[in-house]
Each structure stands twice: as structure tokens, then as C-alpha cells.
Amino acid sequence: MSIELIVVLLVAPLVGFLINGLFGKWLKGSEKLSGSIGALAVLVSLVCSIIVFASLHGGAAPLDETLYEWITGESFAFNIGFHVDALTAVMLLVITGVGFLIHVYSIGYMHGDEGYTRYFAYLNLFVFAMLILVLGNNYLMMFVGWEGVGLCSYLLIGFWYDKQSATDAGKKAFIVNRIGDFGFLLGMFTLFAAFGTLDFGTIFDAAEADNFQKVFGTSTLVIATLLLFVGAIGKSAQIPLYVWLPDAMEGPTPVSALIHAATMVTAGVYMIARSAVLYEIAHTGQVVAWIGVLTAFFAATIALTQNDIKRILAYSTVSQLGYMFVGVGVGAYASGIFHLVTHAFFKGLMFLTAGSVMHAMANELDMRKMGGLKSKMPITHWTFLVGALAIAGFPFLSGFWSKDEILHSAWGSSPIIYGIGLVTAFLTAFYMFRLIFVTFYGESRVDSDVASHLHESPSVMWIPLAILAIPSALIGLLLGWGGHDSWFHHFTKGAFPDAHHEASGNVLVFMVISSVVGLAGIAFAWTRYSKRVPSDEPTGAFHRLLANKYYVDEVYNALIVQPVKNGSHFLLWKLVDNGVIDGIVNGVAALIRFIGGLLRRLQTGLVQAYIISMVLGIVLFLAYYLFFT
């Protein structure tokens, strides 16, 4: 593993972005070329990531190297540098592996779109920003990548900018994330004030040695880690800043798979795992765990009554991210990252299969208008089923291993968190198989004009589905066999401190309980939806509450959005903009006009007037010279 390899890994997507971005005008006539360039750029990064992973697995020491000095001041310096250890290698494989398959899938999915080259340019730019985020060896580089993925998320959510709903969703994501990012910035400032640097290694060593400036007394690290967590809440869509992610489904479906399931939304989990030393010393993990488990349960209840297949998956993503925060919050950092890996595969798979359904259904998203798709789209059905079984915790599939590890660790930290997580696991299995049974089974409810064109997706779309289905089913078994003593735990052990958590109790008992809960959720969904569609459900007050997402968006709009908007309208527009800024601009113009009017009177165009002025000037000059000098 060399620094040159890391540079190639990082720069390849940037090259793809520049080619599609600068020469997209000439590539519009050749979609396959544009898509191939975008996919090839990520493939190069994937190959480099595999080499990095193999090198670390073979016993190579982690790399921590500065490339060059970026910003220098009198008493500080910020560098462009890379830190590559087991945690980085895992993230690189997820980003580039899932990212490459999504790029290939997009070649078919985005066929015929006017913004085809622009789409691949944005997608490559996103991968580049995400790689910066995980490769940087300091918080400033992480923040650059953090903001980069936020920008790309805004561009891709609002990709179809001619749709009002898409532009609104893009703005919502951007603004909500800025709230979290403000907290992240304050956390960075606190760390810099305490340590005089933002380099990971220096900060972690000084924190362990208790050798730093206590800006807020003994609470310095508590405040810093909580502020960083605010950033994670925004980026990873946790309570109360989760509201942007469901609306983000307005973007193209592959975007949902890459950004809002597999990579960007996991940035907060990665940041906490990378900062594990600080969270262990500050003992703020319980805050992370409680926010995570409450978000997991809250989002799962909303998903119970949704009928838009992408929004069900979106709330499922919010819920599963909550599980990851439970893992890192209780100190089971490897388990949280393990779930991040398994989730990237099975949720990326389900979003892409949802896109396959949309492709066949003329962009229809309401599953009440589907049904009986199993026979028409067999590959889509079976791959979606694999993903659903994995997330439901079906025994020995990927989600079973990673979710069970988190719940097992949570029991040793807080039985209440474990209980809420277990109930959420039941709800997850239920709503996912509600989606399966209503969409793929039963009688067809497809409109006749759409039914006549139902077909399986082309090979460029279903081959990535088939490939993703394999790790969705097996990667948990391959990496997680042995539980907390698995290969994955041993591989990532050096990236995390010795956490103060206990995975108490018999492992087999916890595995059996998780299996029974997941199977019970599937069975309950079968009894309710094998022969019934959501339109037949009772519509009581509680059902309406869930269907309307607890009216959180309406409450935010009434208490925050409209007051800020109205206040801005008066203070910023009428008072500041019209009164101050326009007043200054118009006042300067009026003054110039007044002075010009006076000077204009001197320019009469009469020679006699100019001669008189000259004589008068000479007389005044002589008078001054004779009497005042």
C-alpha cells in the first residue's frame, strides 16, 4: 500500500466528473460512452480499494501520511493527509463496491434522460467527496468531504429541477443538513481550541493522556462530542433532523440507493466510530444510543402505514441508521460498522429493485396499484425478497448477524434499549413483508394500459441486482460467524479503543429470540396482507396519525418554517434589504445625481460664460496671493 495508490483511488472519480462535466455537451449523443466513463472511474477506485484491503488483511501497517501542507498560520497548520486503517478499508469497499454496481445500473435506468451526462458527473463527484470524507486524517478534511456529499445530495435530489417537489426536497435536505453541519463546525472549533490541531492522531493521543486545554473545564470533551453528534444527527437523519430523508426520494432511484441507503447517510456513523476514543473518554455514547433506538422505533412505526414503496424504504433507512447508532453508542463499534456494511448491500439492493418496479410500472410508486408482479418480474421479485429477508433478520442472512450483535451488546448496556430495539425488529419484518405481499403477491391491481407493458428490467439493470443479492444473503455469515469473536471484529479491532461494554448473556439465546421476533413479524404480515391490500385497512385516528407521519412536518412548518420565513420577510426584506441596503444604494445614487445637477449648471456651452469664469478665477487667485500669503 502506497500513497500513490491512495491518490489514484481518490482522483479517479474526480477525473470522471471532469470528463462528463466539461465535455458533457459533446457526449450527449453517446449515452453509453458517458455512462461507461462514470462507471469506469468508480471501477478504478474499487480495484484500488481491493488492493488496500488485501494489503491490510495481509498484515501491512495502517498508513498515516501527509501529502502536503494546506493552510498555515502563525500557530497552526492544516494538512492534506490520509489515514488508512481497517475501518477506512471497510468504508472504501462499501463506497466503491456498491457505488460501481449502482453506476452500472444507472446506465439502463437513466436511458433517454436529457440530463444523462450531468447525472453521471454528479454521481462521480459524490463518490469523490465521500472518499475524501473517509480517507482524511483530520477533521478538516473530513468536513470538506462532509460538505461535498451534502452539496452532491442537493444536486441529485433536485436533479429533475423542472419538478417543484424535487427542488423543494433538495432545498429541504440542504437546509436541514446545514443545521447539523453548524453543530459539527462548533465541535471542530471546540477540539481546535482544546488541542490546537484537528489531526486525529494528535487529538486522540492527547485526549487519552489528558493533556489538553480544558476550554469548558472537565466538560470540554462532552461538549465537543455532543456537538459533533449534532452533525451526525443531520447527516444520518436521526431525530429531530430526520425529516429531509423521506422527501429525498424525489431524486432518481439509484441516487436513493447510493446516497440515502449505502453511503452518505452512514457518514455520521463513521464519524462517531472514527472518534470512538473521544466518545469513550467523554462517556456520551449513551446519548448516541438513546437517540438511535428512539429514531429506529419512531421511523419503523411510520413505515407501517406508508404506501409509497420508496418512502417505506426511506423510513426503513432512518430506522436502520438508528440501529447503527445504538451499536456505536453502547461501545460496540465493530458491530455498528458491521451493520453499516450489511445494510449497504441489502438496502441498496431493495432501492434498486424498487427502481426496477418503477421502470416496469411507468414510474408508479403506490403499491396499492400493483400486486401480482411476481410472475411478470421474477428476477426483481426474488432479489427484492432476499433483501427483505435480510433486513427482517431471517436466520443466517446478513441482517440477522449484524442486528443480533447490536441487540446483544445493547442488553449489556441497557435492557430498555434492547427491548425497544427488539420491538423495532418485529415492526421491521412486518412492514417489509407488507410491502412484499402487497406488491408482488395476490391479484393484480395494475392499470390495464400499464399491465400490457409489464416486463422484467434489461440485463444492465438486473445483473447488478443479482450481484447485490449475493452479499445481501451471505456477507453476514462470512464476516459475522463467531459473533463478537468473528473475523470482522478481529480485522477492525485496531481501529477502535477497548470499549467499556459487555455483551452479556448466552449468545444462542439472543439469536433464537431475534429469529423468533423476525419470523413472527413476517408471519403477522402474511396473515394480514396475503389477501388484503392497504386500501382495505381501517382508518382510525391512530392509523391516520401514522399515515401522516405524526404531523411532524406540519408542526415544523407551523413552529419553525413559517415564523422564520415571516420574520425574514419583515426583518431582512423590508427592514434590512429595502431600508438599509436599498437605502444606501439609492442614497448614493441620489447624492451623485444632486452633485451632477449642480455641476451641470456650470457647463452652459457659452464662450462668454467660460471667459468670465476664467477672469473671476484669476482675480480670486491674485487676491489670495496678495492678501493672504
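The values are calculated or read from the model by the stated rules, or taken from the named source; none is laboratory data. Note that this is a predicted model, so its numbers are computed, not measured. No Cβ is skipped: glycine too gets one built from the backbone with ideal geometry, and neighbour counts run over all protein chains shown. The area values use the complete protein model at the heavy-atom level, side chains included, leaving out ligands, DNA and RNA. Shrake-Rupley method; radii C 1.70, N 1.55, O 1.52, S 1.80 Å.
Hey, among A525, A589, which residue is within 30 Å of D404 (Cα to Cα), hydrophobic (A, V, I, L, M, F, W, C) and at pLDDT 85 or above? Don't jump to the end; show me each part of the working.
Details: A589 fails: within 30 Å of D404 (Cα to Cα).
A525 is the lone residue from the list that is within 30 Å of D404 (Cα to Cα), hydrophobic (A, V, I, L, M, F, W, C) and at pLDDT 85 or above.
Going by what's in this entry, would F195 be described as more than 16 Å from S275 (Cα to Cα) and either of a type in the set (F, W, Y) or touching a His at 6+ places or on another chain (Cβ under 8 Å) (or both)? Steps first, please.
On the way: more than 16 Å from S275 (Cα to Cα): no; either of a type in the set (F, W, Y) or touching a His at 6+ places or on another chain (Cβ under 8 Å) (or both): yes.
For F195, the condition - more than 16 Å from S275 (Cα to Cα) and either of a type in the set (F, W, Y) or touching a His at 6+ places or on another chain (Cβ under 8 Å) (or both) - is not met.
Yes or no: I259 part of a helix (DSSP H, G or I), in contact (Cβ under 8 Å) with a residue 60 or more places away in the chain and touching a Cys at 6+ places or on another chain (Cβ under 9 Å)? Yes. Here G108, G145 are screened, and the one residue that is over 25 Å from D168 (Cα atoms), part of a helix (DSSP H, G or I) and in contact with a helix residue (DSSP H, G or I) (Cβ under 7 Å, 6 or more places away or on another chain) is G108.
Of everything in segment 158-193, what is of a type in the set (G, A, S), open to solvent by 10 Å² or more (accessible area, probe 1.4 Å) and under 28 Å from T225 (Cα atoms)? Give them in sequence order. It would help to see each step written out before you state the result.
Here is the first cut: in segment 158-193, the residues of a type in the set (G, A, S) are 158, 165-166, 169-170, 173, 180, 183, 187, 193.
Cutting the leftovers down to open to solvent by 10 Å² or more (accessible area, probe 1.4 Å) gives us 158, 165, 193.
Hit for segment 158-193 is A193, nothing else.
Filtering segment 116-173 to residues that are basic (K, R) and touching a residue at least 60 places away in the same chain (Cβ under 8 Å) leaves R118, K163, K172. A Cβ distance below 9 Å, combined with a sequence gap of six or more or placement on separate chains, defines the contacts here; from segment 594-622, residues that are open to solvent by 80 Å² or more (accessible area, probe 1.4 Å) reach residues that are of a type in the set (S, T, Y) and part of a helix (DSSP H, G or I) in the pairs L602/S613.
Looking across segment 123-157, just one residue is surrounded by fewer than 24 Cβ atoms within 10 Å (Cβ to Cβ), of a type outside the set (A, V, I, L, M, F, W, C) and within 15 Å of P254 (Cα to Cα), and that is Y154. Once segment 36-76 is narrowed to residues that are over 18 Å from A12 (Cβ atoms) and of a type in the set (F, W, Y), the residue that is nearest to the chain's Cα centre (by Cα) is W70.
Identify all residues within segment 292-308 that are out of contact with any Gly (no Cβ under 6 Å at 6 or more places or on another chain) and assigned to a helix (DSSP H, G or I); write none if there are none. Spell out how you get there, then give the answer.
Our first condition is that a residue be out of contact with any Gly (no Cβ under 6 Å at 6 or more places or on another chain); within segment 292-308, this holds for 294, 297-308.
Matches in segment 292-308: L294, F297, F298, A299, A300, T301, I302, A303.
To keep it simple, each residue is scored yes or no on (1) at positive phi; (2) without any contact (Cβ under 8 Å) to a residue 24 or more places away in the chain; (3) of a type in the set (F, W, Y); (4) open to solvent by 40 Å² or more (accessible area, probe 1.4 Å).
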{"site": "Y431", "(1), (2), (3), (4)": "no, no, yes, no"}
{"site": "R434", "(1), (2), (3), (4)": "no, no, no, no"}
{"site": "F437", "(1), (2), (3), (4)": "no, no, yes, no"}
{"site": "S452", "(1), (2), (3), (4)": "no, yes, no, yes"}
{"site": "P471", "(1), (2), (3), (4)": "no, no, no, no"}
{"site": "L474", "(1), (2), (3), (4)": "no, no, no, yes"}
{"site": "G482", "(1), (2), (3), (4)": "yes, yes, no, yes"}
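Among the candidates G180, G187, G201, the residue that is part of a helix (DSSP H, G or I) and touching a strand residue (DSSP E or B) at 6+ places or on another chain (Cβ under 9 Å) is uniquely G201. Residues in segment 220-232 that are closer than 16 Å to E147 by Cα and either among the polar types (S, T, N, Q) or crowded, with 24+ Cβ neighbours inside 10 Å (or both): 4 in all.
On the stretch given as segment 195-206, residues that are within 29 Å of the chain's Cα centre (by Cα) and open to solvent by less than 30 Å² (accessible area, probe 1.4 Å) total 5.
For A499, are the conditions met, namely being touching an Asp or Glu at 6+ places or on another chain (Cβ under 9 Å), aliphatic (A, V, I, L, M), modelled with pLDDT under 90 and open to solvent by less than 40 Å² (accessible area, probe 1.4 Å)? Judged against the criteria, A499 is a match. Take R311 and tell me if it is more than 30 Å from G482 (Cα to Cα), among the charged types (D, E, K, R), assigned to a helix (DSSP H, G or I) and modelled with pLDDT of 90 or more. Against the criterion (more than 30 Å from G482 (Cα to Cα), among the charged types (D, E, K, R), assigned to a helix (DSSP H, G or I) and modelled with pLDDT of 90 or more), R311 qualifies.
If you go through segment 54-76 and pick out every residue that is under 17 Å from I132 (Cα atoms) and open to solvent by less than 60 Å² (accessible area, probe 1.4 Å), you end up with 1.
Test H283 against the criterion of being at pLDDT below 95 and at positive phi, and give yes or no. In short, yes. Evaluated against (1) at pLDDT below 95; (2) open to solvent by less than 10 Å² (accessible area, probe 1.4 Å); (3) more than 24 Å from T96 (Cβ to Cβ), G336 falls short on exactly one condition, (3).
With respect to L468, determine if the residue is modelled with pLDDT of 90 or more and touching a helix residue (DSSP H, G or I) at 6+ places or on another chain (Cβ under 6 Å).
Numbers: modelled with pLDDT of 90 or more: yes; touching a helix residue (DSSP H, G or I) at 6+ places or on another chain (Cβ under 6 Å): yes.
Yes; evaluated as a whole, the condition is true for this residue.
Of the residues W244, W290, which single one is under 29 Å from T353 (Cβ atoms), in contact (Cβ under 8 Å) with a residue 60 or more places away in the chain and of a type in the set (F, W, Y)?
Working: W290 fails: under 29 Å from T353 (Cβ atoms).
One residue alone meets the criteria, W244.
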